[in-house]
Amino acid sequence: QWPYWIHKHSVSIQYSSSLWLDQFMSVSRGKNSEFEFSFIAFAPEFKDLSFNLEECKQIAGMLGKTADFYGIEANRFNFKNQAGRGRILHIASHARSNMEMLDASYIRMQEDTLYAGEIGMMNLPMDLVFLSACETGTGKIISGEGMMSLARSFFQSGAKGVISTLWPIRDDISKVQVIRIYENLKMGKSKDEAIRDMQIHYLAKTRPDAAFPSYWAAFQCHGDLSPLFPHPLKMPAFLLGLSPILAFVFSGWIYQKYKRREILLHEAA
């Protein structure tokens, strides 16, 4: 019942006012249709990470053409060679933010590590990168630049939008939250609204002792906020709104055709 900001507003993060203005003023951008896969997931296996594979499998089941790299296949080599082939890149793993050196922040792959410095030099122009790992949106704050985080590295590599985390997250709770965010995205919601809906839904269903922001407020979105998928009711609603106009135009056409016939018959008589 507390008056959290999300009850009335959605929240997103931009690294500069000019970037925010560019996103705010632009119409929904056309999505790149040249990707080979709609969704690419990387989920290495760790003893202390129990729900990341299930998370990725459930999301893949709702998004169609996917490429999945689980366990031993979720390694640094496959990431550098395959990650750029998907419209959405999802990483469910361990991560660590280095508060002193951005390049030293990393994401764990199976038996190896992917560092922020090499991510920034890759070519990853996808519509969304979803970092389902701890503290991927935190890092050293540099004057004039803002937060230098793992999320920032993916922007440097060309990603249009990134969803990241502000602090360590619980594997079991985040799995449910992440799946809910994707369900909202699939319904045509913008990225910030997809996160907000998840948060409100979580607060409505959870126990009071698990309702503190540390449980539900970790996920944040940066960059392009526009929807990834068309709203399922958008086209029917649009046509329904046009139906009175179309009926009026059609009636006018019938009336004009009838009047013209009457005039021709009159002239012939």
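The figures follow:
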read-out: Restricting the range 178-190 to residues that are touching a residue at least 40 places away in the same chain (Cβ under 8 Å), in a helix (DSSP H, G or I) and open to solvent by 10 Å² or more (accessible area, probe 1.4 Å), the residue that is nearest to Phe51 (Cα to Cα); value: Ile179
read-out: Every residue from the range 168-177 that is open to solvent by less than 50 Å² (accessible area, probe 1.4 Å) and either part of a helix (DSSP H, G or I) or farther than 11 Å from Ala217 by Cα (or both); value: Asp171, Ile173, Ser174, Lys175, Gln177
read-out: Failed condition for Thr165, given (1) out of contact with any strand residue (DSSP E or B) (no Cβ under 9 Å at 6 or more places or on another chain); (2) open to solvent by less than 30 Å² (accessible area, probe 1.4 Å); value: (1)
read-out: Positions within the range 61-85 being outside any loop (DSSP other than H, G, I, E, B) and crowded, with 20+ Cβ neighbours inside 10 Å, in sequence order; value: Leu63, Phe69, Phe79, Ala83
read-out: Residue in the range 155-163 that is modelled with pLDDT of 95 or more, within 30 Å of Leu21 (Cα to Cα) and not in a helix (DSSP H, G or I) present; value: yes
read-out: Candidates Glu193, Glu135 - the one that is surrounded by fewer than 20 Cβ atoms within 10 Å (Cβ to Cβ) and either in contact (Cβ under 8 Å) with a residue 24 or more places away in the chain or under 15 Å from His94 (Cβ atoms) (or both); value: Glu193
read-out: Residue match in the range 118-126 (condition: open to solvent by less than 10 Å² (accessible area, probe 1.4 Å), on the phi < 0 side of the Ramachandran plot and in contact with a helix residue (DSSP H, G or I) (Cβ under 6 Å, 6 or more places away or on another chain)); value: yes
read-out: Some residue of the range 105-113 being within 23 Å of Trp167 (Cβ to Cβ) and surrounded by fewer than 18 Cβ atoms within 10 Å (Cβ to Cβ); value: yes
read-out: Test: residue in the range 177-199 that is more than 30 Å from Pro125 (Cβ to Cβ), of a type in the set (Asp, Glu) and at pLDDT 90 or above; value: no
read-out: Residue in the range 92-107 that is closer than 19 Å to Gly137 by Cβ, among the β-branched types (Val, Ile, Thr), in contact with a strand residue (DSSP E or B) (Cβ under 6 Å, 6 or more places away or on another chain) and at pLDDT below 90 present; value: no
read-out: Qualifying residues in the range 86-104 (those that are in a loop (DSSP other than H, G, I, E, B) and open to solvent by 40 Å² or more (accessible area, probe 1.4 Å)) - the one nearest to Ile40 (Cα to Cα); value: His94
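The values are calculated or read from the model by the stated rules, or taken from the named source; none is laboratory data. Just so you know, these numbers come straight off a predicted model, no measurement behind them. FYI the Cβ positions are ideal-geometry reconstructions off the backbone, even for glycines, and counts take in every protein chain you see. We work out accessible area using only protein heavy atoms, side chains counted, and drop any ligands, DNA or RNA first. Shrake-Rupley method; radii C 1.70, N 1.55, O 1.52, S 1.80 Å.
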